[in-house]
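S.K.: Dropping a structure here in structure tokens format, bear with me for questions.
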Amino acid sequence: MRNMSFEDINPAEIPDLDEMNIDVTKSKREKILGILESGKNPYFIKSGNIVVKVGFASTSRTIEEALESLVQMKW
């Protein structure tokens with residue numbers, strides 16, 4: 001699933017962020033397991049008509065740290 005491209009996916013089958021119900025009382029691990037057990041491709045998500053491919057590197061850097069660096073570089 002990770003190696004799939006935008007051409008390989010059907011946008012109608014991608015979960016929409018606006019329609020997702022995430023239980024914020026669950027731990028990070030439980031939330032991740034819920035997504036993986038849903039049967040959906042965890043590497044693609046959409047918001048309205050915009051499809052986003054999610055990727056990651058095998059480092060200790062968190063998404064929060066990466067976004068913070070991006071904001072600091074941009075502004």
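S.K.: I need the full set of residues from the range 15-69 which are closer than 14 Å to Met1 by Cβ, assigned to a loop (DSSP other than H, G, I, E, B) and either of a type in the set (A, V, I, L, M, F, W, C) or under 13 Å from the mean Cα position of the chain (by Cα) (or both), in order please.
M.R.: Hits for the range 15-69 are Pro15, Lys40, Asn41, Pro42, Tyr43, Val54, Gly55, Phe56.
S.K.: So, Glu64, is that one of a type in the set (Asp, Glu) and at pLDDT 85 or above or not? Give the derivation first.
M.R.: On the way: of a type in the set (Asp, Glu): yes; at pLDDT 85 or above: no.
Against the criterion (of a type in the set (Asp, Glu) and at pLDDT 85 or above), Glu64 does not qualify.
S.K.: Okay, next question. If you go through the range 1-34, how many residues are of a type in the set (Asp, Glu) and closer than 14 Å to Ile45 by Cβ? Working first, answer last.
M.R.: Filtering the range 1-34 down to residues of a type in the set (Asp, Glu) leaves 7-8, 13, 16, 18-19, 23, 30.
So of that shortlist, the ones also closer than 14 Å to Ile45 by Cβ come out as 13, 16, 18-19.
So the answer is 4.
S.K.: Going residue by residue through the range 40-61, is there one that turns out to be in contact with a Pro (Cβ under 9 Å, 6 or more places away or on another chain) and surrounded by fewer than 10 Cβ atoms within 10 Å (Cβ to Cβ)?
M.R.: yes
S.K.: Hey, another quick one. Restricting the first residue to the range 1-20 and requiring it to be surrounded by 10 or more Cβ atoms within 10 Å (Cβ to Cβ), which pairs with a second residue that is aromatic (Phe, Trp, Tyr) meet a Cβ separation below 6 Å and a spacing of at least six or different chains?
M.R.: Met1/Tyr43; Arg2/Tyr43; Ile9/Phe44; Ile14/Phe44
The values are calculated or read from the model by the stated rules, or taken from the named source; none is laboratory data. Note that this is a predicted model, so its numbers are computed, not measured. Methodologically, a virtual Cβ is constructed for each residue, glycine included, from the backbone with ideal geometry; neighbour enumeration extends over all protein chains shown.
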